[in-house]
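Report on the following structure.
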Ligand SMILES: Cc1ncc(COP(=O)(O)O)c(C=O)c1O
């Protein structure tokens with residue numbers, strides 16, 4: 001088997017597995033018929049191998065999850081020890097001891113010490129928790145979110161996810177309790193108008209009075225969009241003045257991704273609720289919503305029953321993996337390494353801009369960076385970005401696009417990626433872009 005990056009070994013095994021999946025899996029799940037997907041077999045750090053033995057560098061952290069690197073030894077060891085002791089507990093009746101250790105360690109890293117958690121498995125679960133507790137605390141089910149937002153796809157989360165592709169098939173079940181304010185321009189030109197829009201929406205009459213605002217401190221799936229400086233703290237001030245619950249959805253930005261443990265800390269905001277997921281378990285599903293007392297105390301047990309819970313709440317493996325992630329972040333000084341990722345992406349993207357004229361914008365923070373493309377001559381860049389992703393995969397780089405038009409190349413590698421690997425992978429992306437733009 002070749003040690004060289006790229007698809008030298010072909011795609012025979014990947015194709016076989018994809019055919020088997022096509023026969024058994026709902027067609028919506030995966031593009032079984034296209035020749036793009038590879039079947040993943042092994043991943044360590046930022047290096048990945050597929051079913052045919054082809055090798056790749058991962059610039060995605062697999063949906064932003066492997067922030068500390070794939071199969072980080074601290075995560076792996078924590079899982080090994082925990083799975084030798086207790087695989088499953090009864091989170092809301094007889095909990096596992098590791099849950100207390102995990103919550104204590106997370107608690108030490110939050111912007112206030114009175115946050116209380118409800119743990120869960122997916123990012124959407126954490127958003128559901130925030131929305132349910134906000135409604136219970138305020139008696140108001142209306143929520144203001146932002147255009148371009150992505151907060152997950154479960155029934156409640158979908159109400160505040162703006163991206164139309166996800167809403168359209170399920171429009172008949174949406175209640176309309178999510179309202180959407182414009183996302184502010186990066187230069188702050190319309191920030192005051194956006195805040196006015198939030199205030200008016202919060203005060204407007206309607207079937208769902210508004211009790212909460214939910215925001216991604218940097219929009220991820222909406223195209224890696226960063227709000228202007230000061231916008232988030234102005235929003236927090238507005239929410240406090242209007243009596244609105246402020247929820248920061250840090251499922252993508254949290255746990256070190258942008259160079260601070262939480263993005264709200266870089267923005268000096270102390271939200272009423274913080275949703276975490278993705279990186280939290282280093283590859284093991286664990287998420288949670290951390291709420292200040294106004295919210296956390298709003299829901300009481302019904303006698304012996306927890307009323308917002310689930311079978312796997314506080315799962316021992318998730319908690320153990322989460323402790324491993326925190327150790328990996330600290331010992332590897334990974335928060336500091338986010339700045340190196342940002343600098344490398346900016347340096348390479350400047351070269352691509354000069355070489356191709358197809359880079360419209362470079363934005364993001366730390367290990368959450370986006371390069372927006374345009375077609376040669378200035379048209380929409382979605383098709384070009386798709387071709388770059390496909391070509392990069394062939395040469396050994398796993399890359400994805402973000403944004404409703406798919407025109408933003410997203411760079412969210414493990415923060416532990418060796419600088420040489422990062423440089424090599426970015427050079428391969430640059431080559432893919434140059435070659436694709438050279439095609440008449
Ligand atoms: C900001 C944000 N919130 C929530 C979610 C939903 O997380 P999950 O897919 O784990 O349900 C995502 C997923 O991409 C996200 O980016």
Looking at (1) within 16 Å of the ligand (Cβ to nearest atom); (2) surrounded by fewer than 22 Cβ atoms within 10 Å (Cβ to Cβ), can you tell me which one residue 173 breaks?
(1)
Report the residue count in region 410-429 for those that are touching a helix residue (DSSP H, G or I) at 6+ places or on another chain (Cβ under 6 Å) and under 21 Å from residue 381 (Cα atoms).
5
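Looking at 271, 217, can you tell me which residue is within 16 Å of the ligand (Cβ to nearest atom), surrounded by 17 or more Cβ atoms within 10 Å (Cβ to Cβ) and under 24 Å from residue 408 (Cα atoms)?
217
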Out of the residues in region 376-393 that are surrounded by fewer than 18 Cβ atoms within 10 Å (Cβ to Cβ) and in contact with a helix residue (DSSP H, G or I) (Cβ under 9 Å, 6 or more places away or on another chain), state the one that is nearest to residue 415 (Cα to Cα).
390
Can you name every one of the helices (runs of 4 or more DSSP H) wholly within region 73-177 that holds 2 or more residues which are touching a helix residue (DSSP H, G or I) at 6+ places or on another chain (Cβ under 7 Å) and closer than 27 Å to residue 226 by Cβ?
123-138, 155-160, 164-167
Would region 338-359 turn up any residue that is more than 18 Å from the chain's Cα centre (by Cα) and assigned to a strand (DSSP E or B)?
yes
Please go through region 28-46 and give me each residue that is modelled with pLDDT of 95 or more and more than 28 Å from residue 67 (Cα to Cα), ordered by number.
none
Return only the number of the condition from (1) more than 16 Å from the ligand (Cβ to nearest atom); (2) outside the structural domain of residue 288 (by TED's automatic domain parsing) that residue 64 does not satisfy.
(1)
Under the condition of being touching a strand residue (DSSP E or B) at 6+ places or on another chain (Cβ under 6 Å) and more than 16 Å from the ligand (Cβ to nearest atom), which residue from region 237-253 is farthest from residue 217 (Cα to Cα)?
244
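The values are calculated or read from the model by the stated rules, or taken from the named source; none is laboratory data. In this text, all values refer to a predicted model and were calculated from it rather than measured experimentally. Virtual Cβ from ideal backbone geometry, glycine too; neighbours counted across all protein chains shown.
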